[in-house]
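Participant: Before we start, here is the structure in question, set down as structure tokens.
The values are calculated or read from the model by the stated rules, or taken from the named source; none is laboratory data. The model shown is predicted, which means the values in this text are computed figures rather than measured ones. Every residue, glycine as well, gets a Cβ built from its backbone with ideal geometry; the counts of neighbours run over all protein chains shown. Only protein heavy atoms, including side chains, enter the accessible area calculation; ligands, DNA and RNA are left aside. Shrake-Rupley method; radii C 1.70, N 1.55, O 1.52, S 1.80 Å.
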Amino acid sequence: VYVIYGCGLRRGEALALECSDFDFKNKKLNVNKSLAFDENTPYIKTTKSQNSIREVPIPSNVLPFLQEYCQSLKQSRLFHTARKNIMTKSSYVKLWAGIRKQMNSPTLTAHIFRHNYCTNLCYQIPTISIKKIAELLGDHEKMVIEVYNHIILEKEDAQTAVEQALGV
């Protein structure tokens with residue numbers, strides 16, 4: 001949950017993570033692969049698109065947890081079955097059911113955290129651009145605008161912008 005919430009990853013991107021994908025010194029995460037399923041059989045594949053290969057900052061409140069977790073692992077893969085194999089779809093379903101139970105949220109999905117990540121970033125405009133938000137998500141600016149435009153519009157203040165740009 002920390003890694004998908006703090007870094008805005010897709011489910012498959014998170015499930016494919018290895019400790020070597022983290023640059024803890026520079027607080028960065030290298031997203032370069034995804035885990036997919038052929039029925040229950042897992043396989044590593046490329047990311048959703050070329051845009052999805054990216055480097056994302058790791059928030060300071062998430063960094064210590066991820067460092068400690070990686071140090072505690074006896075293998076490089078963050079998510080795995082009980083036998084240390086690549087996580088199967090059924091293993092993921094069981095893992096996520098446990099997370100939903102602990103969070104007392106029966107309808108919670110991993111994708112909700114990605115939406116939360118993007119929503120929180122949109123509230124930071126103009127400190128961060130729509131272009132940069134799209135890059136961090138591994139997506140296109142068009143998607144950010146189409147899905148999150150209501151947040152961008154909430155922050156818009158045309159009167160103040162015109163006054164600051166052209167007022168005396």
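Participant: At what distance in nm do the modelled label points of Asn116 and Cys19 sit from each other, each positioned 7 Å from its Cα along Cα→Cβ?
Facilitator: Spacing of the two 7 Å Cα→Cβ label points: 2.7 nm.
Participant: What length, rounded to one decimal in nm, is gained on full extension from Asn30 through to Asn85, with 0.36 nm per residue of separation minus their alpha-carbon distance?
Facilitator: 17.6 nm
Participant: Leaving out ligands and nucleic acids, and using a 1.4 Å probe, what accessible area per residue does the stretch 10-156 come to in Å²?
Facilitator: I get 61 Å² per residue for this part.
Participant: Apply the a/c threshold of 1.5 to the C-alpha gyration tensor of the stretch 41-92 and tell me whether it is rounded, prolate or oblate.
Facilitator: Taking the square roots of the gyration eigenvalues as a ≥ b ≥ c, the stretch 41-92 is oblate.
Participant: Something else about it: Can you tell me how much longer the chain between Val1 and Arg100 gets when fully stretched, taken as 0.36 nm per residue apart minus their C-alpha distance, in nm with one decimal?
Facilitator: 34.6 nm
Participant: How far apart, in nm, are the 7 Å Cα→Cβ label points at Thr109 and His140?
Facilitator: Here the answer is 2.1 nm between the modelled labels.
Participant: Okay, next question. Give Lys27/Lys101; Lys74/Lys132; Lys48/Lys132; Lys48/Lys155; Lys33/Lys101 a once-over and call out the pairs whose C-alpha atoms are over 27 Å from each other.
Facilitator: Exceeds cut-off: Lys27/Lys101; Lys74/Lys132; Lys48/Lys155; Lys33/Lys101.
Participant: What list of ³J(HN,Hα) couplings, whole Hz, do you get for the stretch 36-42 from phi and the Karplus terms 6.51, -1.76, 1.60, once you set θ to phi - 60° and write x for glycine and proline?
Facilitator: Coupling constants for the stretch 36-42: 10, 10, 9, 6, 9, 7, x Hz.
Participant: Which length gain, in nm to one decimal place, applies between Ala161 and Glu39 when the Cα-Cα distance is subtracted from 0.36 nm times their residue separation?
Facilitator: Difference between extended and current length: 38.7 nm.
Participant: For the stretch 42-62 and the stretch 125-148, what is the separation of their Cα centres, given in Å?
Facilitator: 15
Participant: Which value, in Å² rounded to 10, gives the accessible area of Thr88 with a 1.4 Å probe and all protein chains present?
Facilitator: Thr88 exposes around 30 Å² with every protein chain in place.
Participant: For labels at Val147 and Tyr123 in the simple 7 Å Cα→Cβ model, what's the distance in nm?
Facilitator: 1.8
Participant: Only four residue types carry charge here, +1 at the Cβ of Lys and Arg and -1 at the Cβ of Asp and Glu. Report the dipole size of the stretch 24-77 about the Cα centre in Debye, rounded to the nearest 20.
Facilitator: The calculation lands at about 220 debye.
Participant: Measure off, as a whole percent, the carbon and sulfur share of the 1.4 Å-probe accessible area of the stretch 97-148, all protein chains present.
Facilitator: 57
Participant: Evaluate the relative contact order of the chain (contact order divided by residue number), counting alpha-carbon pairs under 8 angstrom at least 6 apart; express in whole percent.
Facilitator: Relative contact order for the chain comes out at 24 percent.
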